[in-house]
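The values are calculated or read from the model by the stated rules, or taken from the named source; none is laboratory data. Note that the structure is a prediction, hence the values are computed from the model and not measured. Please note: Cβ atoms are built from the backbone with ideal geometry, for glycine as well, and neighbour counts cover all protein chains shown. Areas reflect the complete protein model, heavy atoms only, side chains present, ligands, DNA and RNA absent. Shrake-Rupley method; radii C 1.70, N 1.55, O 1.52, S 1.80 Å.
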Amino acid sequence: MVLGSWIVVKLGPSGQAQFSATSKAPGAMVITSDVLNTVDVPVRVTATRRDGAAVRLAVAPTPDARAMLATSAVSTVNAVHYPAGTMDLRASGAGTLSDLSTADVWRLAAKGAGSTELVVDQGRGPETVVVTSGDAKPLTDVTVTLAWANRTWFFEALVAATIGAVLAAFALIDLWQSRVIALRTDEAATGTTTSEATV
Amino acid sequence: MTRRAVTSSEQTSSEQTSSEQTRRGHPGRSLARRIRVVAGSAMCAVMVTSVAGCGVGDSLVGIHAAPQAKADTAPLTVDQAKKILTRSFTAAYLGESTTGQAAKTALQTAYTTEGLRGVNGRSKLAKAQPAAAQSLLQAPHPKLLAVSRGFGFPRFILAQTVASGGGLPVLHLLTSPDAATPYRIATSVEMVPPAHVNPFNPLGQGSPLVTKNTGLAVDPAKLMSLYAAQMAFPAKPAGRSPFVADPFSSQIRTGAAGVAKAVAVQATFTQTHKVIPSSVYAVGQADGGGLVFGVIERTDHFAVKKGQSVKTVGNKAFVLLSGKKSVARSASITTLEFVVFSVPASAGKATLVAAREQLVAGSGS
């Protein structure tokens, strides 16, 4: 019941799960298909730079993204943790980043100053999101947030919480009745003994 | 009294035992309660352990295993491919309709390899042959015919245009050699009437690039090589050709014979045709056949006879390309021949479906 209620609160009525991580290492940031395509609903990716400079999000087939970043310094998001809302980051590579924006491998792209957002739909996976500055300059101190939502999860959690509450109620009633019976039996036993002693 | 007391004492002892049983519960009911408690505790333990672990936590928010890459899908969506076509054709048109550095940059954005050589040649010859009249890009809405299949390289996009004012349909092949390099036009070729192009696989599946030993009636590279060889002048003996006779190669052979005859007094004329290997692309079609693209470099060579001096002013194209108004020793003109064949699956002969030639260079001394 407690767990169900907590998840109900955590998901909210929209049934949204959210994860975030901040990369301090210079280079590009990558969200692999092991995270991006592990759900059946669209994933909203938001990237925010602390320095307010340009940031670009783009999604490409995983083999293409891998080829583009083969020798570059990247921080890779390769796992998420729920309900903690955290993501695992792994730094790799040391090469400089080339300007990736002219390539034709990107299915979707978005660019903004300081922050930008991209909604990646499912069905064409495996795909990888690459976060860059939009040119060859390396990114530093960028926070990426992933969010996806399904109202069904909220109602499932609600049902779980309700079932938990009913079970807990039965358990409490059972416990209470046991105590009452025990007390009554004690009283009855005490009364009989006293009566017999008087006789 | 003592006996009675003893009896009372026994009775009391018996009821106390009964009372103890009741307090602890009836043996059957007690066992049921214990089972309930154990089951409930176990269920709670399992739930808590699962959530604290990862299984239930992940499944609560829909997380499952990531899908595997499919080899039989196109790496581009239709929208992506159409945007690439629009970008390339816009840049090509800008490049051909303007001048200076901007035009050069636009052409480099639009074209690649032999396509760029061809359009540069056409630009140089613009004074002799107005570019607008020669442009193959005056169709506003290209029709997307095919895109590559799978995630290997090189990749291609195949499109067709028909000029708004009518004219022959044009086949365009755009290629990308690697993930970092954008698609550019490698070939634009007018179709030869009454040729038609067989259907390709659905755009979502993509079409495979056909390489050696993949079921076509003739190997694409061998086809191009034999086709180039049979156009040589002076003619060389050729074996059984794997292609149907066509007017394009006939015109070239006839033209070469005419030139040789016209310059016979002043020069010796020879013509060679050499396939550019990297230009050969064979795109698989739905019926198992393939559409083979290739570029052949033709060299017209004039060896000026001793004591002769040939005025070339009459050949405006040669003057524009070479800067020579007369030659005393030799001259050569390089032309690119863009050709497209329809090759059947397993048996039969290839048919030329599109062809075009473009002067690209000239030199003389």
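Please pick out the residue among A:115, A:133, A:101 that is over 14 Å from residue A:59 (Cα atoms) and either of a type in the set (Val, Ile, Thr) or open to solvent by 40 Å² or more (accessible area, probe 1.4 Å) (or both). Reasoning before the result, please.
Values: A:133 fails: either of a type in the set (Val, Ile, Thr) or open to solvent by 40 Å² or more (accessible area, probe 1.4 Å) (or both); A:101 fails: over 14 Å from residue A:59 (Cα atoms).
From the options A:115, A:133, A:101, the qualifying one is A:115.
In the stretch B:98-122, of all residues being in a helix (DSSP H, G or I) and among the polar types (S, T, N, Q), the one that is farthest from the other protein chains (Cβ to nearest Cβ) corresponds to B:120.
Check the stretch B:294-306 and report whether any residue there is buried (at least 21 other Cβ atoms within 10 Å of the Cβ), more than 30 Å from residue B:264 (Cα to Cα) and under 38 Å from the mean Cα position of the chain (by Cα). Yes.
Would you mind stating whether residue A:161 is open to solvent by less than 20 Å² (accessible area, probe 1.4 Å) and at pLDDT below 85? Give the derivation first.
On the way: open to solvent by less than 20 Å² (accessible area, probe 1.4 Å): yes; at pLDDT below 85: yes.
In short, yes.
Any residue that is over 26 Å from residue B:62 (Cβ atoms) and not aliphatic (A, V, I, L, M) - is there at least one of those in the stretch A:75-91?
Keep residues of the stretch A:75-91 that are over 26 Å from residue B:62 (Cβ atoms), which gives A:91.
Restricting the remaining residues to those that are not aliphatic (A, V, I, L, M) gives none.
Checking the stretch A:75-91: not a single residue is over 26 Å from residue B:62 (Cβ atoms) and not aliphatic (A, V, I, L, M).
Considering only residues of the stretch A:70-82 that are within 12 Å of chain B (Cβ to nearest Cβ) and under 16 Å from the mean Cα position of the chain (by Cα), which is most open to solvent (accessible area, probe 1.4 Å)? Per the stated criteria, the residue is A:81. Based on what the data block shows, is residue A:67 open to solvent by 30 Å² or more (accessible area, probe 1.4 Å), under 30 Å from residue B:78 (Cα atoms) and away from every other protein chain (no Cβ under 14 Å)? The answer is no for residue A:67. Anything in the stretch A:3-26 that is open to solvent by 10 Å² or more (accessible area, probe 1.4 Å) and either in a loop (DSSP other than H, G, I, E, B) or in contact with a Phe, Trp or Tyr (Cβ under 8 Å, 6 or more places away or on another chain) (or both)? List them, or say none. Across the stretch A:3-26, the qualifying residues are A:8, A:12, A:13, A:14, A:16, A:24, A:25, A:26.
Return yes when residue B:346 is under 30 Å from residue B:160 (Cα atoms) and open to solvent by 40 Å² or more (accessible area, probe 1.4 Å) and no when it is not. Yes. Just a yes or no: is a residue in the stretch A:130-145 at pLDDT below 90, facing another protein chain (nearest Cβ under 9 Å), in contact with a strand residue (DSSP E or B) (Cβ under 9 Å, 6 or more places away or on another chain) and within 30 Å of residue A:23 (Cα to Cα)? Within the stretch A:130-145, not a single residue is at pLDDT below 90, facing another protein chain (nearest Cβ under 9 Å), in contact with a strand residue (DSSP E or B) (Cβ under 9 Å, 6 or more places away or on another chain) and within 30 Å of residue A:23 (Cα to Cα).
Enumerate the strands (runs of 3 or more DSSP E) found wholly within the stretch B:215-324, keeping only those where 3 or more residues are closer than 25 Å to residue B:172 by Cβ and touching a Leu at 6+ places or on another chain (Cβ under 7 Å).
Details: elements: B:267-275, B:281-284, B:290-304.
It comes to B:281-284, B:290-304.
So which residues in the stretch B:71-97 are facing chain A (nearest Cβ under 9 Å) and either on the phi > 0 side of the Ramachandran plot or not in a helix (DSSP H, G or I) (or both), if there are any at all? Listed by number, the residues that qualify are B:73, B:75, B:76, B:77. Considering the stretch A:27-57, and only residues there that are of a type outside the set (A, V, I, L, M) and surrounded by fewer than 17 Cβ atoms within 10 Å (Cβ to Cβ), the residue that is nearest to the other protein chains (Cβ to nearest Cβ) turns out to be A:40. Tallying residues that are among the hydrophobic types (A, V, I, L, M, F, W, C), at pLDDT 95 or above and open to solvent by 80 Å² or more (accessible area, probe 1.4 Å) within the stretch B:262-278 yields 0. Within the stretch A:146-166, the only residue that satisfies the criterion of being facing another protein chain (nearest Cβ under 10 Å) and free of Cβ contacts under 8 Å to residues at least 60 places away in the same chain is A:156. Annotation note: of B:123, B:135, the sole residue that is open to solvent by less than 80 Å² (accessible area, probe 1.4 Å), assigned by TED's automatic domain parsing to the domain that holds residue B:88 and either at pLDDT below 80 or not small (Gly, Ala, Ser) (or both) is B:135.
Yes/no per residue for (1) more than 30 Å from residue A:82 (Cα to Cα); (2) of a type in the set (D, E, K, R):
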site: A:163; (1), (2): no, no
site: A:172; (1), (2): yes, no
site: A:179; (1), (2): yes, yes
site: A:183; (1), (2): yes, no
site: A:188; (1), (2): yes, no
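Among the candidates A:123, A:85, the residue that is open to solvent by 10 Å² or more (accessible area, probe 1.4 Å), on the phi > 0 side of the Ramachandran plot, within 12 Å of chain B (Cβ to nearest Cβ) and under 19 Å from the mean Cα position of the chain (by Cα) is uniquely A:85.
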